[in-house]
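Working notes, structure below.
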Amino acid sequence: MDIFIAPIGVNTGHVKTWLQEESRNAFTLWIIHSKKPSLNPDKTIKNDLPKIAKTLGKELKKSYSRIKIKYKTIDDAFTLEPLMDAVNDVIASEESENPIPRQNFVINITGGTNAMAAASMNAAMEFQIRAQYVKEDKENNPNIKCTLDVPVPSKFESRLNNNQLEALQIIAKSDHLIHNTPRGMDSPTIKHAITNHELLVELGFDKKRKGLKNGATTLNGIVKSLEKSKYITKRKIQHYVHPKTGEKLPDDSVMDNTMKKPRVKYLKRMGFDSETFFCDLPLDVEEKGKGILLVITPLGLQKSKNNYLTSK
């Protein structure tokens, strides 16, 4: 009993060829397609992708009545993550009904955008399912086999333990803002990132826990393991500095909009008193001081979402 997964775009002939050659063990076919139609420059519909998917499903049902046909949509056909998430959801749905071996899942990496094809192969490797590619149109090449099996490398990786998995999931849901951003100023946010100290606090390692060694030492081991597996990368923490003096701005600086051009206002201690200073925009950003920023990689982000990641 095989579960077929077919990401599609405008052209769907490869799915028909695929089933014609490989459907003998197929039990379910999942058609993955873009949620919205593609548009022309004047905003009129160019390709109605949901309609294309439904039409394909109806045509296949006439020839393969025993195969269940299901649909899964993605929001973006030009990045990798949505399709990988969709495949993850498909596997979760099927395994919740019937825990079948992963080798009973097969994904067709032929269709859709280039990004969808790349994501399909990534999904095969990430979830350890089979992959196939349709190289020719069967109608024009009736005497040759058009479907090729694509080798999927085995994953020889250690499973994450509870602490490593928890840390990875915390990083995945965290966003980092430069900590001395002046109040009222828009600043780029680094998605899926957290400082070493913030992670220490989130994990509760800054407090004594029964049976736990020094929290910082334990966290260092977790970070090293995640970095070695290429699930995270490390960067130095950035700070805003005065563009002329290179001096780090105080944490309590604020935007001042009393003049024609916005500027930054901050207090600077002068002996026993504090004096107000102003700084023109734009500010400079430098890597200053101590501290490490932990940023999740695309592989780590997918790993944090993997429903089948069992910890030990």
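The values are calculated or read from the model by the stated rules, or taken from the named source; none is laboratory data. This structure is a prediction, so every number in the text was calculated from the model and none was measured. Backbone-built Cβ (ideal geometry, glycine too); neighbour counts: all protein chains shown. SASA here: full protein model, heavy atoms, side chains in, ligands and nucleic acids out. Shrake-Rupley method; radii C 1.70, N 1.55, O 1.52, S 1.80 Å.
Among the residues examined, PRO41 qualifies as modelled with pLDDT under 95 and exposed (fewer than 13 other Cβ atoms within 10 Å of the Cβ).
Any idea which residue in the stretch 52-72 is most open to solvent (accessible area, probe 1.4 Å), counting only those that are in a helix (DSSP H, G or I) and either among the hydrophobic types (A, V, I, L, M, F, W, C) or in contact with a Lys or Arg (Cβ under 8 Å, 6 or more places away or on another chain) (or both)? Can you show your working first?
The initial filter retains those residues of the stretch 52-72 that are in a helix (DSSP H, G or I), namely 52-63.
Pick out the ones that are also either among the hydrophobic types (A, V, I, L, M, F, W, C) or in contact with a Lys or Arg (Cβ under 8 Å, 6 or more places away or on another chain) (or both) and you get 52-53, 56, 59-60.
Working: ILE52: 39, ALA53: 0, LEU56: 3, GLU59: 82, LEU60: 8 Å².
Here the answer is GLU59.
Taking the criterion of being more than 27 Å from the chain's Cα centre (by Cα), part of a loop (DSSP other than H, G, I, E, B) and under 23 Å from VAL106 (Cβ atoms), the only residue of the stretch 1-49 that qualifies is MET1.
Being closer than 24 Å to LYS305 by Cβ, outside any helix (DSSP H, G or I) and at pLDDT below 95 is a description that applies to THR79.
Take the residues in the stretch 1-21 that are of a type in the set (D, E, K, R) and touching a strand residue (DSSP E or B) at 6+ places or on another chain (Cβ under 6 Å), then tell me which one is surrounded by the fewest Cβ atoms within 10 Å (Cβ to Cβ).
Of all residues in the stretch 1-21, those of a type in the set (D, E, K, R) come to 2, 16, 21.
Filter again for touching a strand residue (DSSP E or B) at 6+ places or on another chain (Cβ under 6 Å), leaving 2, 21.
Values: ASP2: 18, GLU21: 14.
Top of the filtered list is GLU21.
Taking the criterion of being open to solvent by 20 Å² or more (accessible area, probe 1.4 Å), out of contact with any Asp or Glu (no Cβ under 8 Å at 6 or more places or on another chain) and among the β-branched types (Val, Ile, Thr), would at least one residue in the stretch 74-85 satisfy it? Yes, that holds for at least one residue.
Could you list, in sequence order, the residues of the stretch 123-152 that are within 18 Å of HIS33 (Cβ to Cβ) and either out of contact with any strand residue (DSSP E or B) (no Cβ under 7 Å at 6 or more places or on another chain) or aromatic (Phe, Trp, Tyr) (or both)? Break it down into steps so the answer makes sense when it comes.
In the first step, residues of the stretch 123-152 are kept if they are within 18 Å of HIS33 (Cβ to Cβ); the result is 123, 134.
Of everything in the stretch 123-152, nothing turns out to be within 18 Å of HIS33 (Cβ to Cβ) and either out of contact with any strand residue (DSSP E or B) (no Cβ under 7 Å at 6 or more places or on another chain) or aromatic (Phe, Trp, Tyr) (or both).
Counting residues that are at negative phi and at pLDDT below 85, which helices (runs of 4 or more DSSP H) fully inside the stretch 135-229 reach at least 3?
Hits in the stretch 135-229: 215-228.
Whenever a residue of the stretch 82-106 is in contact (Cβ under 8 Å) with a residue 40 or more places away in the chain, its partners that are in a helix (DSSP H, G or I) and open to solvent by 40 Å² or more (accessible area, probe 1.4 Å), lying with C-beta atoms within less than 7 angstrom and at least six residues away or across chains, give the pairs MET84/ASN122; ASP85/LYS305; ASN88/LYS305.
Tell me, which residue of the stretch 223-254 that is of a type outside the set (Ser, Thr, Tyr), open to solvent by less than 40 Å² (accessible area, probe 1.4 Å) and out of contact with any Asp or Glu (no Cβ under 9 Å at 6 or more places or on another chain) is nearest to LEU203 (Cα to Cα)?
The first filter runs over the stretch 223-254 and keeps only residues of a type outside the set (Ser, Thr, Tyr), leaving 223-224, 226-228, 230, 232, 234-239, 241-244, 246-252, 254.
Now narrow it down to the ones that are open to solvent by less than 40 Å² (accessible area, probe 1.4 Å): 223, 226, 232, 237, 239, 241-242, 246, 249-250, 254.
From what is left, the residues that are out of contact with any Asp or Glu (no Cβ under 9 Å at 6 or more places or on another chain) are 223, 226, 232, 249-250, 254.
Numbers: VAL223: 12, LEU226: 15, ILE232: 17, LEU249: 30, PRO250: 28, VAL254: 31 Å.
The residue in question is VAL223.
For the stretch 173-205, the tally of residues that are open to solvent by 80 Å² or more (accessible area, probe 1.4 Å) and within 17 Å of LEU281 (Cα to Cα) stands at 3. Looking only at residues of the stretch 279-290 that are surrounded by 11 or more Cβ atoms within 10 Å (Cβ to Cβ) and at pLDDT 80 or above, we find that the one that is nearest to ILE237 (Cα to Cα) is GLU286.
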